[in-house]
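I have placed the structure first, in the form of structure tokens, so that the comments after it can refer back to it.
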Amino acid sequence: MIAPGEGVLVAVSGGPDSTALLLALCALAREFGWALRVAHVNHGLRGEYSDEDERFVRDLVTPLDIPFHRKRIPVAQFAAEEKENLEAVARRERYEYLIHLARRYRCACIATGHTLDDQAETVLHHVVRSSGIEGLTGIAPVWTVENCRVVRPLLDLTRKEVLEFLQAQESPFRVDESNADLNLTRNFIRHEILPRLERINPRVREALARLADIARLETDAHDLADEQWLDRFAQRTGREIAVSRVEFLLLHAAGQRRIVRRLLSWIAPDLHPTLEIIDTIRELASSTKGGRRCVFRGHGVVSRQKDRLVFAPCDSVTRSKRTGSRKPSG
């Protein structure tokens, strides 16, 4: 719950989902006394179209008398420097900025415009990437990252319902033409796979969203046991986390995978590990050779050190210099 007077940071790209989110929250804010702020990140990936998105959001927010924060980030440059996936870097940089703002202005939460369609696409994306049962949980309605709460109020609404709401409000919105690029996996799932699956089940999106809810309940059932195990056998030293290799190897394969996934989420929230990555770390733990490690460029390092398995976040010199050279804009 968000108490009267508390702040809500709304992430607005200018697309239909985030535009609808902002308009809906404005109506609720008047009723419940919330203090809204809007944040927009210009990734600079679409040239003048990205700049037009920024202007659209600014013009949308101005008459609402809501504080507007924006930041331009050369995502393509950062991705090239780090040899990382463009979308992953964009997501990481976006959330870094949102978290910075939420902390600075003591917002109770960050609100994003994810919908039921996004949930269905995410679940399918994780299935084809072999992400395991945790991947089936999809997008969490409420997610805590670096002690900041992220909420997705539109997660039970379809994209069609969002568009109908905007039409009723007579509100314009921006269209990202890159969403039609079928070379991007998510777009291929959206435009090719889901429509075909609808021939089998016209409500396949709702079915995939229910699957995510069921998977989340299943994984939640293991959380307490995993937390208890980590309390006993994990040690933090600065930013590193080390676990007993012997105790880790005594776990069932499913338990090992859950522990690895949880530890990776602590040191590298943006990694989104596949089953292959997780099993590579399991193999590292069972190796009889010391001094071996798995490096996930731009994310972190997992190393086998005698009787310990050590998880450490990325400490790239390049990234440290880059991060230190740019100041968040308000």
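Right, N201: under 25 Å from the mean Cα position of the chain (by Cα), surrounded by fewer than 17 Cβ atoms within 10 Å (Cβ to Cβ) and without any contact (Cβ under 8 Å) to a residue 12 or more places away in the chain or not?
Considered against the rule, which asks whether it is under 25 Å from the mean Cα position of the chain (by Cα), surrounded by fewer than 17 Cβ atoms within 10 Å (Cβ to Cβ) and without any contact (Cβ under 8 Å) to a residue 12 or more places away in the chain, N201 comes out as no.
Answer yes if at least one residue in the stretch 114-129 is surrounded by 22 or more Cβ atoms within 10 Å (Cβ to Cβ) and over 30 Å from E218 (Cβ atoms), and no otherwise.
no
Could you please find all residues in the stretch 275-295 being of a type in the set (V, I, T), under 22 Å from the mean Cα position of the chain (by Cα) and surrounded by fewer than 16 Cβ atoms within 10 Å (Cβ to Cβ)? Give the steps one after another, and end with the answer.
Our first condition is that a residue be of a type in the set (V, I, T); within the stretch 275-295, this holds for 277-278, 280-281, 288, 295.
Now drop any that are not under 22 Å from the mean Cα position of the chain (by Cα), which leaves 277-278, 295.
Listed by number, the list holds a single entry, V295.
Among the listed residues R186, R216, identify the single one that is in contact with a Ser or Thr (Cβ under 6 Å, 6 or more places away or on another chain), of a type in the set (K, R), surrounded by 12 or more Cβ atoms within 10 Å (Cβ to Cβ) and under 26 Å from H299 (Cβ atoms).
Values: R186 fails: in contact with a Ser or Thr (Cβ under 6 Å, 6 or more places away or on another chain).
Criteria check complete, one pass: R216.
What are the pairs, 6+ residues apart or on separate chains, where a residue within the stretch 262-278 that is over 16 Å from V128 (Cα atoms) has its Cβ under 9 Å from a residue that is among the hydrophobic types (A, V, I, L, M, F, W, C) and part of a loop (DSSP other than H, G, I, E, B)?
The qualifying pairs are L264/L271; S265/L271; I267/C314; A268/C314.
Tally time: how many residues in the stretch 2-38 are on the phi < 0 side of the Ramachandran plot and part of a loop (DSSP other than H, G, I, E, B)? Give the derivation first.
Just the residues of the stretch 2-38 that are on the phi < 0 side of the Ramachandran plot, to begin with: 2-4, 6-13, 15-32, 34-38.
With the extra rule that they be part of a loop (DSSP other than H, G, I, E, B), the set shrinks to 2-4, 6, 12-13, 15, 34.
Looking only at that region, the number is 8.
Consider only pairs whose beta carbons are under 7 Å apart and that are at least six residues apart or on different chains; among these, list those whose first residue lies in the stretch 76-96 and is assigned by TED's automatic domain parsing to the domain that holds T185 and farther than 16 Å from A268 by Cα and whose second residue is aliphatic (A, V, I, L, M) and not in a helix (DSSP H, G or I).
Within 7 Å, the pairs are A76/L45.
Which of the following residues is outside any helix (DSSP H, G or I) and more than 30 Å from D307 (Cα to Cα): R216, R199, R236? Break it down stepwise before answering.
Numbers: R216 fails: outside any helix (DSSP H, G or I); R236 fails: more than 30 Å from D307 (Cα to Cα).
Selected residue: R199, the only one of R216, R199, R236 that is outside any helix (DSSP H, G or I) and more than 30 Å from D307 (Cα to Cα).
Six or more apart or on different chains, Cβ under 7 Å: which pairs go from a residue in the stretch 163-180 that's among the small types (G, A, S) to one that's surrounded by 12 or more Cβ atoms within 10 Å (Cβ to Cβ)? Could you list them?
S171/T19; S171/L23; S178/R46; A180/N187
Taking the options Y95, Y105, name whichever one is crowded, with 20+ Cβ neighbours inside 10 Å and either closer than 23 Å to L155 by Cβ or modelled with pLDDT of 90 or more (or both).
Residue meeting the stated conditions: Y95.
The values are calculated or read from the model by the stated rules, or taken from the named source; none is laboratory data. Quick caveat, the model's predicted, so the values are computed rather than measured. All Cβ positions, glycine included, derive from the backbone under ideal geometry; neighbour counts span all protein chains shown.
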